[in-house]
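Each reported figure results from applying straightforward, stated rules to the coordinates on display, with no laboratory input. Everything numeric here is computed off the predicted structure, so don't read it as measured data. Cβ placement follows ideal geometry from the backbone for every residue including glycine, while neighbour counts extend to all protein chains displayed.
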Amino acid sequence: MDPLKRSLRAVDKDLPLDNVRTMRQMASDELAGPMGMVEMVLAFAALALLLAAAGVHSVMSYVVAQRAHEIGVRMSLGARARDVVNLVVKDALVLVVSGVVIGSAGTFTFGKLLGHELADLGIRPYDPPTLSCASLVLMAAALLACYLPARRAAKVDPMVALRHE
């Protein structure tokens with residue numbers, strides 16, 4: 001028998017002592033559900049970010065491969081590697097920003113539906129710092145995913161790209 005139960009038995013031996021726990025154990029048990037939910041949401045968010053970055057990388061790799069001839073022509077006419085990277089990243093930035101705008105509109109639309117669920121966790125559905133931070137993280141991941149194919153395109157030998165067609 002643990003010391004807490006022994007102490008309580010010494011005070012009153014008829015006291016029912018079935019589920020004796022400390023306040024810390026009770027608080028931990030109460031928070032286990034919501035914290036487990038938060039950890040699961042964070043895991044799914046990280047997975048979604050990884051999948052989104054992989055998708056952007058795949059699409060941009062395909063687009064760069066399709067534009068190999070154009071990139072070869074540009075480089076043979078004097079475009080530097082930095083110019084090619086800027087071109088590809090700028091084109092991708094337009095897509096990423098439009099995706100963030102559409103996603104933000106969806107956030108405001110679905111925020112009303114999920115507002116009560118978020119309020120239970122102490123989160124406001126339209127929290128500007130959270131939304132802007134999430135948008136910046138998503139844009140950074142997408143731009144990194146675009147930068148890699150752009151660097152690969154900038155290293156292509158113009159003669160190889162022109163002969164490929």
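One table, with the values for the structure above:
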quantity: Likely footprinting exposure, Asp2, Asp91, Asp14, fewest C-beta neighbours within 10 Å first; calculated: Asp14, Asp2, Asp91
quantity: Residues of the stretch 39-78 with amide N under 19 Å of the 7 Å Cα→Cβ point at Ala140; calculated: 42-57
quantity: Tilt relative to the chain, helix 23-66 - C-alpha long axis, 0 to 90 degrees, to 10; calculated: 10
quantity: Burial ordering of Leu95, Leu138, fewest other beta-carbon atoms within 10 Å first; calculated: Leu95, Leu138
quantity: Gap separating the Cα centres of the stretch 84-161 and the stretch 33-81, nearest whole Å; calculated: 10
quantity: From phi via Karplus (6.51, -1.76, 1.60), per-residue ³J(HN,Hα) for the stretch 91-105 in Hz, x at Gly/Pro; calculated: 4, 5, 4, 4, 5, 5, 5, 5, x, 5, 5, 5, x, 5, 4
quantity: Ranked Ile71, Ile123, criterion: other C-beta atoms within 10 Å, fewest first; calculated: Ile123, Ile71
quantity: Label point distance in nm, Cys133-Lys13, each placed 7 Å from Cα along Cα→Cβ; calculated: 5.8
quantity: Straight-distance crosslink candidates among lysines, where the alpha carbon sits under 17 Å from Lys5 and sequence neighbours closer than 8 are dropped; calculated: Lys13
quantity: Extended-chain gain in nm, criterion 0.36 nm per residue less alpha-carbon gap, Asn86 and Ala45; calculated: 11.8 nm
quantity: Contour minus Cα-Cα distance for Thr22 and Arg6 (0.36 nm per residue); calculated: 4.3 nm
